[in-house]
1. Residues that are open to solvent by less than 20 Å² (accessible area, probe 1.4 Å), over 22 Å from residue 74 (Cα atoms) and of a type outside the set (Lys, Arg): does the range 101-121 have at least one?
2. Looking at (1) more than 11 Å from the chain's Cα centre (by Cα); (2) open to solvent by less than 10 Å² (accessible area, probe 1.4 Å); (3) under 13 Å from residue 223 (Cα atoms), find the lone condition where residue 172 falls short.
3. Of everything in the range 142-167, what is assigned to a loop (DSSP other than H, G, I, E, B) and either exposed (fewer than 14 other Cβ atoms within 10 Å of the Cβ) or not small (Gly, Ala, Ser) (or both)? Give them in sequence order.
4. Quick check on the range 34-50: of everything there that is in contact with a helix residue (DSSP H, G or I) (Cβ under 8 Å, 6 or more places away or on another chain) and at pLDDT 95 or above, which residue is most open to solvent (accessible area, probe 1.4 Å)?
5. How many of the residues in the range 175-219 are among the hydrophobic types (A, V, I, L, M, F, W, C), open to solvent by less than 50 Å² (accessible area, probe 1.4 Å) and at pLDDT 90 or above?
6. Go through 105, 71 for me and flag whichever is under 23 Å from residue 21 (Cα atoms) and assigned to a helix (DSSP H, G or I).
7. What are the pairs with Cβ atoms under 9 angstrom where one residue, in the range 87-115, is among the basic types (Lys, Arg) and the other, located anywhere, is in a helix (DSSP H, G or I) and open to solvent by less than 10 Å² (accessible area, probe 1.4 Å)? Sequence gap at least six, or different chains.
8. Just to be sure I understand, how many residues within the range 220-237 are in a helix (DSSP H, G or I) and open to solvent by less than 30 Å² (accessible area, probe 1.4 Å)?
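The values are calculated or read from the model by the stated rules, or taken from the named source; none is laboratory data. Predicted model only: the values in this text are computed from it and were never measured. Neighbour counts are summed over all protein chains in view; Cβ atoms, including those assigned to glycine, are modelled from backbone coordinates with ideal geometry. Only protein heavy atoms, including side chains, enter the accessible area calculation; ligands, DNA and RNA are left aside. Shrake-Rupley method; radii C 1.70, N 1.55, O 1.52, S 1.80 Å.
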Amino acid sequence: MPATLSRASATLGDNGYLSITAPLLPGISAHPSGALWLPSSRTVLVADLHLGYSWAQRRRGELGPLADFQARDKLLKLCAELEPQQIVFVGDLVHAPRPCQPERAYIEETLSLLAKQAAIVAVRGNHDRAFAREFGHLALSTTEAWCNGDITAIHGDRLAQSPLPQSGTLILGHLHPSLSIREASGASQKLPVFLVNPHCVVMPAFSPFARGYDVAAGLPQDLQRCFQAEPIHAYLTTPTRVIHAGLLDSAIDRLAELDTSTASRFRSFRS
């Protein structure tokens, strides 16, 4: 992987949407939403959408607002922008089994709407243990792993038990990777991050409700072997851009010193 990678590119499509993606590897680009884009096959990959999250939390006794429309709106906006022919959910498409009736209706409506626009593939995640039984009647396919040429996508919750591909690029979800930035006030915020090298790409959670795992705390051992001891690059995401922050270890050190109230310092991460 080169030391300096291309900036995100912006193109105005025939649909009137400004599409912003950043190349990660040959044939694989990142979108600010946290999705991956494979332009040659017009495929979008989305990890950890967790549809039905608000309802599931209510069933656990947490009486927060029903805000799942944010996840659906974000997904529909992505599809309107990129116009994919295929949507691959890299695990945890839904948040919990045994949905209540409004939750089930919301999930079915969302997936049926997407199925009118593109073929849908659902890769099994640890939150999807009952998905095939509860939603298998919809126009979609379910699988343990999705393959396209030299790309393999699995959720990543059972890496110790999963045979890993001997070549090509492995795409994973599950970890919800993020990096923390400290603000001038002393508060911190987490930015979703792609972890990338030629052997493996770990995607951030697409759900706006997912608490990110701060990768500054270290990567799980099972995940480390997926990168095959080669350097890992970090790509930060904001609502409007993907920023190459350099090698992960260096990015962690730089972010620890960053004052985000100074815009010029934040721009120093741009390639």
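1. Looking for residues that are open to solvent by less than 20 Å² (accessible area, probe 1.4 Å), over 22 Å from residue 74 (Cα atoms) and of a type outside the set (Lys, Arg), one finds none in the range 101-121, hence no.
2. So residue 172 meets the others, but not (1).
3. Residues satisfying the conditions are 144, 149, 150, 154, 155, 157, 158, 163, 164, 165, 166, 167.
4. By that ranking, first place goes to 42.
5. Adding up the residues that qualify gives 15.
6. Step by step, each of 105, 71 is checked, and only 71 is under 23 Å from residue 21 (Cα atoms) and assigned to a helix (DSSP H, G or I).
7. These pairs meet every condition: 104/135.
8. 3
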